[in-house]
Every structure is written in C-alpha cells, then in structure tokens.
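Quick note: the coordinates plus some simple rules give every number you see, no bench work behind them. Fair warning: this is a prediction, and the values are worked out from it, not measured in the lab. Here the Cβ positions follow ideal geometry from the backbone for every residue, glycine too, while neighbour counts run over all protein chains shown.
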Amino acid sequence: MPQTADLIVENASILTMDPDTPAAQAIAIKGNQIIAIADRDSVRDHKGPATRVIDAQGGSVLPGFIEAHMHLFGGAAELDNLHLAGVHGFDALRDAIQGFAAKRPNARLLIGAGVDYAILPEPVTRYHLDRIIPDRPFAMSASDHHTMWANTKALEEAGLLNGKQVGPGNEVVMGADGLAAGELREGEAFGPILEHFGANRTRLGLTGEEPDPYPSAEELAADRDLMHRGLEWCARHGITSIQNMDGNLYQLELLAGLEEEERLICRTKIPFHFKNFMKLDMLEKASRMAATYNSEWLSSGMVKVFYDGVLDSWTAVMVDDYADRPGWRGEPLFSPAHFAEVAVEADRRGLQIAVHSIGDGAVRAVLDGYQTALKKNGRRDSRHRIEHIEVTTPSDVPRFAELGVLASMQPAHPPGALNFPLEPTISRIGRAKWPLSYAWRTLKQAGARVVFASDWPVSPVDPILSIQAAVMRKPWAEGLPDQSFSLHESIAGYTVEGAYAEFMEHRKGRLKTGYLADIVVLSADIEKTAPEALHTVRPVTTICGGKVTYQA
C-alpha cells in the first residue's frame with residue numbers, strides 16, 4: 001500500500017532541478033517530506049480521504065527559493081520607511097518627503113530608503129533637506145545602505161553637526177563652514193543617528209553587538225512581530241530558506257521565540273558578525289551560537305565580515321586607483337594580515353566565513369586570507385564565501401575554484417540590470433575593469449560555484465525579478481563578455497547552489513523523494529515565458545516543511 005499523502009500538488013509543470021528526474025507532473029508530501037514525484041496517475045495512488053490537493057493549473061512548480069544573502073530584521077523594519085527608489089530631482093524628492101511626514105506626525109525620526117546616488121544633479125547636502133523639512137529630524141539612506149544623508153535637525157540631535165572621529169573607511173563629510181555637510185559614509189558615521197532615535201536594534205546584527213539594555217517584554221514582542229512580518233514578505237515571494245548576512249544572538253532568540261509560537265515560516269541561518277575592533281576570542285561566541293542553534297529550521301555556524309564598503313562612495317577597496325579619483329583606492333576595514341588571523345581562527349573552529357568584498361583589492365585580500373587558513377589548518381570542506389565580488393582581476397578568477405570558495409552574487413546589482421543606474425558606478429570602475437565587473441559567467445566557467453541572492457533590502461527580495469535580471473543582462477559596451485545566465489542556471493543559483501552554500505544539498509534545493517517539502521507553485525509555466533515577461537510570473541503558493549506558508 002502506498003503511503004497516504006497529507007498534500008498533493010498536481011497538474012503542474014514541475015522543474016525538479018534533479019538531473020536524474022528533471023521533470024514531473026505531480027508531487028506528494030507527507031509531514032515535512034516529499035514521498036513521491038512523478039506523473040499525475042502515479043502520484044494519485046497516494047491520495048487518501050483527508051489529502052489536500054492543490055491544482056497548479058499548469059504552472060511551474062520549483063524547489064522553494066533559497067535567499068542566500070539578505071538582511072531580514074532591517075528589511076522588515078524598512079517596509080514602513082519612505083521608499084525613494086526611482087525618485088529624481090528636487091521637486092519630486094520634496095513632494096515625497098513632505099507627503100510621508102504629513103502621515104507620520106509623531107515619528108521621532110523620519111527615514112527614507114532606496115536613494116539613488118544621482119537623485120539630485122549635485123551632491124545632496126543638509127541644506128537641500130533643510131529646504132524640504134527643517135523642523136523635524138530626517139535622514140535617508142542610499143539603496144546600498146552604505147551612505148546616509150541627514151538634515152541639520154537630525155545631525156544636531158545626534159551630536160554629529162560638528163563632525164565625529166570615525167575608523168578607516170568611514171566618514172562624516174565636512175563642509176567648507178567647518179560643520180557636517182549632511183553626507184555620512186558607512187555605519188560608524190550614520191550609526192549615531194539611528195542609535196539616538198531608537199532605530200538601532202534592527203541594525204545591531206551589522207555590528208555584532210547585543211541590545212543594551214535588554215529589551216522589555218513589550219519591545220521583545222514587537223521585535224518578534226517585526227521579524228515575522230519580514231518572514232511573511234519572504235514567503236509571499238516563494239522563499240523557503242534564508243541565509244541572513246548580519247547577525248547576533250538576539251536575532252536567534254527572536255526567531256527561536258517565533259518557532260515556539262509556530263510562526264517561523266522560513267528556515268533561517270543567522271551568522272555572528274565579526275567587526276575589526278573585536279578580539280579573536282570573540283569567535284568563541286560564534287562557536288556557542290553554532291552549537292546552540294543547528295536545526296533544519298534555525299541555525300548559525302557562520303561568521304560574517306565586512307572587508308570594504310561600496311563603489312559609489314569610493315569606500316570599496318581597489319587594486320588600482322579609482323578611474324574617477326586618481327590617487328585613491330579606498331581604505332580596507334581590516335588589514336590583510338588582520339583578516340588572515342580572523343580567517344585562520346574561524347576556520348580552525350570549523351565555522352564558515354562570508355565576507356563582504358566589493359572591490360578587486362578586497363576580493364584579493366580575502367582570497368589571500370582563505371589561502372592562509374588552508375595552509376595553516378589543512379584543507380577541509382569549508383565552503384567559505386565571498387559576497388558581491390563586483391570587480392575582480394584575471395589572476396584571482398581561478399582562485400575561487402582552487403580554494404573551494406563560493407561566489408555569492410546578486411543579479412539585481414550590476415548597474416543597468418534592474419533598478420541601479422549606470423552612473424556613477426561604471427565611471428568609478430573605469431572601462432579597463434568592465435570585462436571583470438559582476439563577472440558571474442567568467443567565474444562559473446572557471447569552476448566557481450555561483451550562488452544568487454537579492455541582498456534585500458538593498459534590492460527587492462523577489463527571486464523572480466533577480467532571475468529575470470540574470471537572464472536579461474546585457475554588456476555595457478560592445479566587445480565585453482556576456483555575463484548573463486540561462487533560465488536554468490539562474491534558477492539553480494536560487495535553489496541548488498543555495499542549498500550547497502549551507503551544506504544542505506542532501507535535503508533541499510531539488511525536488512526529489514526524501515527531500516524536505518519546500519516548494520513554490522508559480523502562476524504560469526516559467527520555461528514557456530518570454531525572458532522580458534518573467535516578472536509577470538508570480539508565486540501563488542509557498543510550502544515550507546509541508547506547511548502552506550503563503551497562498552495568493
């Protein structure tokens with residue numbers, strides 16, 4: 001007698017991502033596992049009187065999307081911010097800010113997000129913002145979250161108007177009058193604003209710190225609800241697993257609380273965030289987090305590090321001078337020797353390492369650190385990662401495969417691919433480096449495992465938008481290599497490769513018998529959809545661990 005299923009999805013165009021059985025029409029689930037995947041008639045043998053049947057109406061069914069680089073807590077908080085993506089010119093900015101402020105008369109700090117660096121024809125200053133909103137604290141962050149602009153009121157109240165001493169790679173930009181100009185580069189520069197106005201708990205995962213004082217019961221409940229709202233937003237977009245890229249113990253505790261309340265609807269991995277001011281023995285905390293949280297629903301075991309900043313504010317670290325700023329290569333947040341020490345110790349503890357490295361200088365230094373760890377500790381299946389890799393060099397491309405380092409990249413990030421404009425980024429990089437900018441295909445052809453993600457809230461969380469961006473990508477100029485991915489490669493970047501990145505390829509990332517029942521049902525057949533129309537294909541049902549977590 002075949003096992004009776006709890007749930008069957010049928011009348012589907014199933015793309016299993018399993019080379020042994022690439023396609024099927026129906027799938028049967030019992031508990032949290034797939035018990036059959038085959039043609040409709042074979043799967044119907046598992047139907048009992050209580051089996052729930054979902055008719056996919058010919059739509060694609062894929063493994064649940066694995067979002068391999070995002071910021072869950074901050075992204076959830078930002079759902080309520082003023083969204084300024086696509087806003088250009090002073091008048092449009094003024095109307096957006098004033099309309100937002102009018103609806104929030106009691107907000108202590110008004111926050112805008114998603115700002116394009118070229119939002120105004122000239123650099124944004126506090127004077128521009130004062131002309132729009134002089135009497136209430138206002139700050140807005142660039143879409144990459146590495147620069148913030150604040151009005152005088154916000155700067156004054158946060159104690160930044162007279163400037164502030166910050167570490168390498170951070171800057172409170174000063175004006176000719178000896179006061180802060182309003183532009184704050186990197187977290188040490190704008191952190192005081194968020195801290196002063198109590199908007200900081202969601203950001204502590206970026207500094208590796210814990211809330212102090214510990215939140216009250218009411219604040220804890222509010223933070224759990226906020227986290228849950230972020231998870232719902234992910235489930236709505238077909239996501240079943242999240243690899244978060246900022247983290248502390250507090251985030252794990254919030255998610256564990258949600259799990260107890262049966263509200264943890266996406267599998268989530270939270271790293272320990274290691275900062276340059278920490279001593280190596282802080283990695284003991286990362287080991288404790290890894291030992292305490294190691295289930296298929298909630299896990300740790302990763303150390304996240306920032307090596308540099310971003311191209312648009314000249315804070316990414318380059319091998320050569322910036323094309324539009326001679327004599328400047330960016331300041332690293334770690335020296336190469338310091339990073340190598342961290343890599344050796346984290347690797348010795350059996351922890352996975354993921355490093356934000358955007359410039360080719362940062363990418364090289366991190367590969368060097370991983371090479372040192374391999375020499376000191378011996379080769380193991382470490383699956384260390386480099387996040388972003390927006391520019392690299394010919395000599396560093398083959399080192400990913402040689403060292404077993406994963407290339408964790410974001411299809412929405414190349415200028416012109418989705419919502420980021422070409423300028424100023426491509427001029428910063430310079431034409432000579434365009435061939436190896438956002439070089440997904442070059443890295444893949446050299447044997448690197450390439451995993452895809454959104455970096456939400458930097459880009460929209462929607463995996464299908466990212467898949468479309470990867471498929472539709474065009475070179476910036478004639479004669480440049482084509483870095484686009486096929487539809488199957490792009491889907492693999494969000495499924496098979498995502499599972500591999502978290503050592504879970506034996507349990508998820510494909511649809512096959514015995515694997516976890518993490519599935520997304522789409523509104524149409526994605527393989528029959530024209531590339532330019534992919535964004536019209538929508539998740540209609542998301543299933544995680546056999547439970548429906550989103551239903552359109």
Around THR147, which amide H atoms from residues at least 5 apart in sequence, or from another chain, sit under 5 Å from its own amide H, with H modelled in the peptide plane? ALA142, GLU186
Rounding to the nearest 10 and keeping the result within 0 to 90°, find how far the Cα-based axis of helix 283-292 lies from the longest principal axis of the chain. 30
Of all stretches in the chain that avoid chymotrypsin sites (Phe, Trp or Tyr not before Pro) placed in a DSSP loop and having at most 11 other Cβ atoms within 10 Å, the longest is 1-276
DSSP bridge orientation in the chain - percent antiparallel, rounded to nearest 5: 45
With 21 Å as the limit, write out which pairs from LYS512/LYS547; LYS304/LYS512; LYS304/LYS433 have Cα-Cα distances beyond it, or answer none. LYS304/LYS512; LYS304/LYS433
Lysines within cross-link reach of LYS47: Cα-Cα under 16 Å, excluding same-chain residues under 8 positions apart? LYS30
The helix 360-377 Cα axis meets the longest alpha-carbon principal axis of the chain at an angle in degrees, between 0 and 90 and rounded to 10, of 60
Using Cα extents along the principal axes in Å as the read-out, say which of (1) 85, 65, 44; (2) 114, 56, 53; (3) 82, 55, 50 was calculated from these coordinates. (3)
Rounded if a/c is under 1.5, else prolate if a/b is larger than b/c, else oblate: which is the range 504-543, with a ≥ b ≥ c the root eigenvalues of its Cα gyration tensor? prolate
Return the percentage of antiparallel bridges among DSSP beta bridges fully within the range 72-206, rounded to the nearest 5 %. 60
Contact order normalised by length for the chain, with contacts defined as Cα pairs under 8 Å and 6 or more residues apart; what percent is it? 17
May I ask you to sort MET148, MET174, MET278, MET17 by Cβ crowding, counting other Cβ atoms within 10 Å and putting the fewest first? MET174, MET278, MET17, MET148
Using only Cα atoms, tell me the angle between helix 249-260 and the longest principal axis of the chain; keep it within 0 to 90° and round to the nearest 10. 30
Go through LYS164/LYS279; LYS275/LYS375; LYS153/LYS269; LYS376/LYS508; LYS269/LYS528 and tell me which ones have a Cα-Cα distance over 31 Å in this structure. LYS153/LYS269; LYS376/LYS508; LYS269/LYS528
Loop-located GluC sites (Glu not before Pro) in the range 420-500 whose Cβ has at most 14 other Cβ within 10 Å (DSSP): GLU478
